[in-house]
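The values are calculated or read from the model by the stated rules, or taken from the named source; none is laboratory data. What you see is a predicted model; the values in this text were computed from it and never measured. No Cβ is skipped: glycine too gets one built from the backbone with ideal geometry, and neighbour counts run over all protein chains shown. Heads up: the accessible areas ignore ligands, DNA and RNA and are worked out on the full protein's heavy atoms, side chains in. Shrake-Rupley method; radii C 1.70, N 1.55, O 1.52, S 1.80 Å.
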Amino acid sequence: MMKKSTHFKIILIVFICIGLSFKSSNTIPHIDKFVVVLDAGHGGKDSGNVGNGYREKDIALKVVLDVGKRLEKDGRFEVIYTRKSDKFIELYERGNIANKAKADLFVSIHCNAHRSQASGTETFVLGLHANKENFDIAKNENSVILLEDNYEANYDGFDPNSPESVIGLTLLQEEYLEQSVALASLVQDSFTKSLKRKSRGVKQAGFVVLHQTFMPSVLIELGFLTNNREGRYLNSKRGQSDMAKSIFKSILDYKKSVDALYTNNVQHTAHQEIYEGIVFKVQISASSRAIETKPYNFNGLQEISRIKYGERYKYFYGSTSDYLRIKRQKKEAEKEGFESSFIVAFKGNQMIPLSEALEANTVSN
Ligand SMILES: [Zn+2]
């Protein structure tokens, strides 16, 4: 006989599952549209920085709504907002919104602060902090998770105060790094060319919000509210509309480049892209239990392997040196319900960063 609390838990889980299935059926994007998730940083009890008395959460939201309006008017985009009002949203929930929508792009918008009169725009992609300055910016933007309930569980032990804690964050976004950098460069180019804003460049750092998404993702720092001139500009209607227009333009340029790439790629699908000495696999799940690697345990997928890391087991689908093949297998895994699967690379028995594997010489045929 089960205890009463167990019954209650089961009933609760059933309700949550029903709720989720309704929710996801509502968020299926239009197949022919390019889905952009716009994320206004902070909100509600988290105001972000308040340099010179200007509020980051308000400026980010105004710019986001303006970018969204322009994209919607264009007609080729479906725009999804993580928030459209002054509301608190957890960082991981922002990523969930984007993942559920199967978005093509995730753009998070913020404003910077510094104790000096530093100024300029910068756009970040997820990566290791190259220096303390980048770490400090990521730390400020990540610190919001300390306001969230149960953050230890939701972020798998991530510590926003530890520079080393970021290493675990980088793996999932590696696959999208190139595209993320491409968009980040377009954003910065547009700020400098069309608006003559000072650019601090494209940078990498460990932003939790970028780690939660499975698509090309950037975080734009519009400028420093603590800088007297820049703060005034970003808080003005004209400043916000300029910045929004510039971001809109770079998203158009990005889409154009992706469309061109896609047209080229189609001709290559019959080919192989072999990386000698490298084995690619699709990581489909991880668990503290040792599950038998039989197809019936993995929604019918064959070719499953299991590796123990510390106390946990990781499960992989496929095993090949052909990068094009593993990309197809990742799509298959997604179709079978492993929606957050990603490609990993091995050299011998060692898992190595995917970017490192892809830098190796290729033999195509
Ligand atoms: Zn921020």
Label model pair Lys245, Gln350: point-to-point distance (7 angstrom along the Cα→beta-carbon line) in nm is 5.2
So which helices of the chain fit the span-like rule, where a helix is a whole DSSP H run, its Cα atoms reach 30 Å or more along the axis, and its mean Kyte-Doolittle is at least 0.5? 4-26
Exactly which trypsin sites (Lys or Arg not before Pro) in the range 271-344 are in a DSSP loop and have at most 13 other Cβ atoms within 10 Å? Arg289
Members of Lys256/Lys331; Lys132/Lys255; Lys132/Lys331; Lys45/Lys69; Lys57/Lys281 lying beyond 30 Å, as alpha-carbon distances in this model show: Lys132/Lys255; Lys132/Lys331; Lys57/Lys281
Quick one: which of 40-46, 58-64, 342-348 comes out on top by average Cβ neighbours within 10 Å, and what's the full order, highest first? 58-64, 40-46, 342-348
Within 11 Å, Cβ to Cβ, of Ala286, how many net charges do the neighbouring residues add up to if Lys/Arg are +1 and Asp/Glu are -1? +3
For the chain: span of alpha carbons on each principal axis (Å, largest first): 62, 62, 41
Tell me, what is the percent relative contact order of the chain, built from C-alpha pairs under 8 Å that lie six or more residues apart? 17
With only Lys, Arg, Asp and Glu charged, each at its Cβ (+1 for the first two, -1 for the last two), find how big the charge dipole of the chain is about the Cα centre; round to the nearest 20 debye. 920
What nm value, rounded to one decimal, do you get for the distance between Lys198 and Asn96 when each label is placed 7 Å out toward the C-beta? 4.0
To the nearest 20 debye, what charge dipole does the range 107-173 have about its Cα centre, counting +1 at the Cβ of each Lys and Arg and -1 at the Cβ of each Asp and Glu? 300
Rg to Rh quotient for the range 36-186, alpha carbon positions, Kirkwood Rh: 0.94
How much of the accessible area of the range 14-264, in percent, comes from carbon and sulfur atoms when a 1.4 Å probe is used? 54
Of all DSSP beta bridges located in the range 14-264, what percent are antiparallel, nearest 5? 15
With the cut-off at 1.5 for a/c, could you classify the range 211-348 from its C-alpha gyration tensor as rounded, prolate or oblate? prolate
Residue-normalised accessible area of the chain, expressed per residue, 1.4 Å probe, Å²: 52
Using every Cα-Cα pair within the range 133-231, state what percent have a distance larger than 17 Å. 58
Return the whole-Å distance between the Cα centroid of the range 310-357 and the Cα centroid of the range 130-167. 26
Which of Gln204, His129, Val258, positive extreme of dipole for the chain (C-beta unit charges): Val258
